[in-house]
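Notes to accompany the following structure.
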Amino acid sequence: MSKMRVYQLAKELGTTSKKLIEVMEGMDITVNNHMSTLSDEEAKQVMSILTGKSDEKKPEVAKKTAKITEAETGLSEKPAEKKPAKAGLKAKEEQEQKPIGRKARKMIQEEKRAAMLKAKKPKIKLEGQVTVAEVASHLDLQPAQLITELMEMGVMASINQPLTPETVELIADEHGYEVDYTEDELEEELLAVREADHDAGKKEQPRKPVVTVLGHVDHGKTLLLDAIRSANVISGEVGGITQHIGAYQVNIDDKMIVFLDTPGHEAFTAMRARGAQVTDIAILVVAADDGVMPQTVEAINHAKAAGVPVMVAINKMDKPEANPDRVKQQLAEHELVPEEWGGDTIMVPVSAIKREGLDELLEMVALLAEVCELKASTDRVARGTVIEANLDKGRGPVATVLVQDGTLHVGEPIICGSNAGKIRAMINEHGERVQSAGPATPVEILGLNDVPMAGDSFQAVSSEKVARDVASRRSEKLKEASRKVQRVTLDDLFKQIQEGEVKDLNLILKGDVQGSVEALKDALTKLSLEEVQIKIIHTGVGAITESDVMLASASNAIVIGFSVRPDSNVRKLAEKNQVDVRLYRIIYEAIEDIQAAVKGMLKPELKEVIQGQVDIRQVFKASKLGNIAGSYVLEGKITRNSQVRVIRDGTVVHDSGKIASLKRFKDDVREVSSGYECGILLENYNDLQEGDIIEAYIMEQVAR
């Protein structure tokens, strides 16, 4: 008998891994989880006892095990009457009537095989490490639906998270598929290294908590971080100058805390979309004078979605108009109830400018970290997550990583998502080169072959060849899975509802003013649709941002913009992530479209095709004609018959406009392409300002 994993043995015995592990504990066989390997002797011992042939040399073990197996798997104490654990409802009655010996087990397996052949279950071929997105595409499911099913099974996973073969088999079986699973030797090697580390029982020590600071713009996030940092600057540092790597450590009563100084919730969302759980605690900064603002709500939604405990720092307490009670009241409306009001959210009043309340804030972080009981081992193979990454002209791909377990050393080959490399250098937050980094330590690493994505996980491996081979395989599989992932869009919503793929319609609403957003939200939540439940996962005021698109991608949502526009970068990101962005100027049109999409009755639509964007560099006043926009075409083109809209700071100030005159120097022209300057006069509209964007588009009729 070759070495066997716990889940494989459980499958062969017709029981679950959980029950088998409990049985083995009674036999003094220690295993960590269903992926642990058993020696030949251990597997034989378990098989002999569970099939009724107890080991005569170990009567005490057999007796002890018999009691557990009787309680856990339904096996009787008498060998002649032993019954197997449940192997599915169909085989249950037959199994209860048969003694479970080798012949009986063989018979049951043959019957099961025959039943499978009769049912002609379609096979899906899988190899190596398979992610949620990959399994969903093979089962013709939406990733969001599969994530929900996994949660019901007690498996917390996100779209790019790898699943165990056992979990994949269970899910496939539920949907009437049979899995033809081939182990990828390289992925197995990585898994075996991680397992060997855990099986070796290497001592775990308490580790530093990792904290992310979130909040609305101008509420003092950066100032608070700087205040915390400067209060903890090492005296040896000349003038406290450090190299910014997006993360640093702070010492409070000889306890270290790691702060991630990332661009707020954007990075937070990017990591969540990629299944990374990096942050242990989120500190929400709210200004005591402004109170809860749109981005504050956004930050709360992101932290809740990631399942991270939230603490609140009520900043700007030095201001005369500071009103902390009003802030607490507003936060309570978003289910963050302060402790003194009977809730469980820690709220600390601080002043970043006057450096007041910082010690109490850090003490509370340390206290919350103690409650979380965060542990890691320094002796294991290093693994962790990418916080941010960029391409440096002089140094090549640079990634800021957080080591989450084990110790990372210079010179080690690593696999990082679908990238590989060998660590040439590691730099800490003080700009110093270091040779190693332990658990919960942020460092900048050089030596990867390409720029990884925020949220990618990394692991040290035995050789550069292994790293390169794994990276190329993962890269191919990711491309394949992304081609198959089907996003929810209004156009095919009816089809997806009919096929049972969509039960919830997730929406992200953005508008020009709070009143419009609230009106749209109220109207949509009052829609009583039998086919689908509308869930509004985020609302906000202002232009549609990359953060909105990333949140939509992570939660398979549709973005609805009311009198606001995405810029060209956001539009490209939405196309890349296949996120449906719908733009409206009238509330009832948005409601009618959603109602019609659910019922499969969307009329042939006039689809807007963006031709280009033009930047107004100077405005010339012509007394007889009006204001002429001296402009530069940023991308695409603008034509004489284009319809145009004027966008100021992401908000539409004029729509469905027409061009009265389009000139290059003094000549009338039909079109102007990107990279060229032109003069534009609009019909009946003169309120133009420098810095405005003119968006040129045409309407095309598209059949649904």
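The values are calculated or read from the model by the stated rules, or taken from the named source; none is laboratory data. Here the structure is a predicted model, which is why all the values come from computation and not from measurement. Cβ atoms come from the backbone with ideal geometry, glycine included; neighbour counts cover every protein chain shown. Calculation scope for accessible area: heavy atoms of the full protein, side chains included, ligands and nucleic acids excluded. Shrake-Rupley method; radii C 1.70, N 1.55, O 1.52, S 1.80 Å.
Looking at 579, 614, 570, which is the one that is open to solvent by less than 40 Å² (accessible area, probe 1.4 Å) and more than 31 Å from the chain's Cα centre (by Cα)?
614
Tell me, which residue of the range 650-704 that is exposed (fewer than 12 other Cβ atoms within 10 Å of the Cβ) and closer than 16 Å to residue 637 by Cα is nearest to the chain's Cα centre (by Cα)?
675
When you scan the range 534-551, do you find a residue that is outside any helix (DSSP H, G or I) and farther than 23 Å from residue 292 by Cα, even just one?
Checking the range 534-551: at least one residue is outside any helix (DSSP H, G or I) and farther than 23 Å from residue 292 by Cα.
Restricting to the range 374-400, give me the number of residues that are free of Cβ contacts under 8 Å to residues at least 60 places away in the same chain and either crowded, with 19+ Cβ neighbours inside 10 Å or not acidic (Asp, Glu) (or both).
Count: 7.
Write out, first by first residue and then by second, each pair whose Cβ atoms fall under 6 Å of each other, whose residues are 6+ apart or on separate chains, and whose first residue, in the range 421-438, is under 23 Å from residue 379 (Cβ atoms) and in contact (Cβ under 8 Å) with a residue 60 or more places away in the chain while the second is open to solvent by less than 20 Å² (accessible area, probe 1.4 Å) and among the β-branched types (Val, Ile, Thr).
428/443
Under 6 Å by Cβ, and 6 or more places apart or on different chains, what pairs join a residue from the range 446-465 that is more than 11 Å from residue 385 (Cβ to Cβ) with one that is surrounded by fewer than 16 Cβ atoms within 10 Å (Cβ to Cβ) and modelled with pLDDT of 85 or more?
446/424; 447/424
Mind checking which strands (runs of 3 or more DSSP E) fall wholly inside the range 613-704 and carry at least 3 residues that are more than 14 Å from residue 565 (Cβ to Cβ) and of a type in the set (Ser, Thr, Tyr)?
Fully inside the range 613-704 and qualifying: 626-639.
Among the numbered conditions (1) buried (at least 18 other Cβ atoms within 10 Å of the Cβ); (2) touching a Pro at 6+ places or on another chain (Cβ under 9 Å); (3) closer than 30 Å to residue 315 by Cβ, tell me where residue 403 comes up short.
All conditions pass for residue 403, except number (3).
Listed here are the residues, each with its yes/no results for (1) surrounded by fewer than 20 Cβ atoms within 10 Å (Cβ to Cβ); (2) closer than 21 Å to residue 280 by Cβ; (3) free of Cβ contacts under 8 Å to residues at least 24 places away in the same chain; (4) not small (Gly, Ala, Ser).
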{"position": "315", "(1), (2), (3), (4)": "no, no, no, yes"}
{"position": "323", "(1), (2), (3), (4)": "yes, no, no, yes"}
{"position": "330", "(1), (2), (3), (4)": "yes, no, no, yes"}
{"position": "341", "(1), (2), (3), (4)": "yes, no, yes, yes"}
{"position": "345", "(1), (2), (3), (4)": "yes, yes, no, yes"}
{"position": "351", "(1), (2), (3), (4)": "no, no, no, no"}
{"position": "356", "(1), (2), (3), (4)": "yes, no, no, yes"}
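Mind listing whichever residues of the range 422-450 are under 11 Å from residue 408 (Cα atoms) and polar (S, T, N, Q)?
Residues satisfying the conditions are 435, 436, 441.
Just for helices (runs of 4 or more DSSP H) wholly inside the range 122-237: which have at least 1 residues that are at pLDDT 70 or above and buried (at least 21 other Cβ atoms within 10 Å of the Cβ)?
The qualifying helices (runs of 4 or more DSSP H) are 132-138, 143-152, 165-174, 221-231.
Under 6 Å between Cβ atoms, at least 6 apart or on separate chains: pull out the pairs that start in the range 567-595 with a residue that is within 13 Å of residue 553 (Cα to Cα) and of a type in the set (Val, Ile, Thr) and end on any residue that is part of a helix (DSSP H, G or I) and open to solvent by 50 Å² or more (accessible area, probe 1.4 Å).
Every condition considered, the pairs that remain are 570/546.
What number of residues within the range 505-527 satisfy the criterion of being loosely packed, with under 15 Cβ neighbours inside 10 Å and of a type in the set (Ser, Thr, Tyr)?
Qualifying residue count for the region: 1.
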